[in-house]
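Take a look at the structure set out below.
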Amino acid sequence: MTRRPPWLGSLPVAAPRRAAAAPVRLVNPTGLGLASERARANMVDSLRRIGVRDPQVLEAMVQVPRHLFVEPALASRAYEDVALPIGHGQTISKPSTVARMIEMVAAPLSPAARAGAQVLEIGTGCGYQAAVLARVFGQAVSVERLRGLHEQARGNLRALRLSNLRLVFGDGNLGVPQAAPFDAIVVAAAGDAIPDALLEQMKIGARLIAPIGTTRQALHLVERVDREQWQLTVLDAVRFVPLRSGTS
Ligand code: SAH
């Protein structure tokens with residue numbers, strides 16, 4: 001007997017169908033069905049309880065199957081509010097952090113404006129946050145400096161068929177000049193300062209969110225007020241992997 005993955009809970013699962021005349025099409029390409037959907041709905045309820053309000057962010061997190069982005073051995077913990085290892089010494093950010101960061105940068109944009117807006121993510125990692133971003137913004141670009149993770153994210157994201165998400169292999173400190181300017185930028189790794197290239201690649205009125213610091217880190221929210229001015233707000237303490245230079 002194959003072991004039931006823990007997220008299946010006690011839900012009855014139909015026996016696999018015998019080969020029919022026509023191939024059976026899976027409704028859910030992830031193949032995990034109802035129980036993982038229930039786990040995800042519970043996760044999103046917890047996000048609501050801690051104050052995440054943005055309906056589009058919450059809906060995106062109902063849709064994106066986080067268990068597909070972590071190692072199979074950790075999949076049972078995919079819907080807990082924890083950061084988990086994704087290999088290469090990196091981690092997937094915890095759901096509450098993903099939700100808060102996206103909510104912060106998307107806040108000034110109406111749903112209609114979001115549909116026409118482009119977001120940049122620095123630090124694709126396993127690709128989870130990139131998938132959520134691509135469900136909130138019309139266009140999403142995500143950069144990763146580790147070739148192995150860039151490829152891993154590509155594999156993880158294939159089944160989701162997000163045609164509005166572009167993955168770039170490169171050093172995110174440089175931004176993505178060929179796709180700039182951006183309506184929003186989310187940095188998923190902590191540096192000592194916000195790279196100038198990212199500040200330059202913001203549209204006027206755009207928001208950027210980034211963890212800053214080494215031993216102590218805090219989320220920094222930046223809004224570009226005009227061509228020469230950016231306004232900074234320091235938010236909560238956080239814990240992210242470091243923002244490094246170059247590619248590897
Ligand atoms: N966004 C991910 C979190 C990834 S962890 C999620 O959905 O959970 C942060 C990632 O940033 C790591 O994969 C790390 O390799 C990457 N990173 C660090 N410095 C970078 C840089 N300069 N450019 C691009 N990616 C970088």
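Structural remarks
- Annotation: of all residues in the stretch 232-248 being aliphatic (A, V, I, L, M) and part of a strand (DSSP E or B), the one that is nearest to the ligand (Cβ to nearest atom) is 238.
- Residue 229 being surrounded by fewer than 22 Cβ atoms within 10 Å (Cβ to Cβ), modelled with pLDDT of 95 or more and within 16 Å of the ligand (Cβ to nearest atom): no
- When the stretch 204-225 is filtered for residues that are over 15 Å from residue 107 (Cβ atoms) and away from the ligand (no atom under 12 Å from the Cβ), the ones remaining, listed by number, are 204, 212, 213, 214, 215, 216, 217, 218, 220, 225.
The values are calculated or read from the model by the stated rules, or taken from the named source; none is laboratory data. Small disclaimer: the values here were computed from a predicted structure and weren't measured. When we count neighbours, we look across all protein chains shown, and the Cβ atoms used for this are built from the backbone with ideal geometry, even at glycine.
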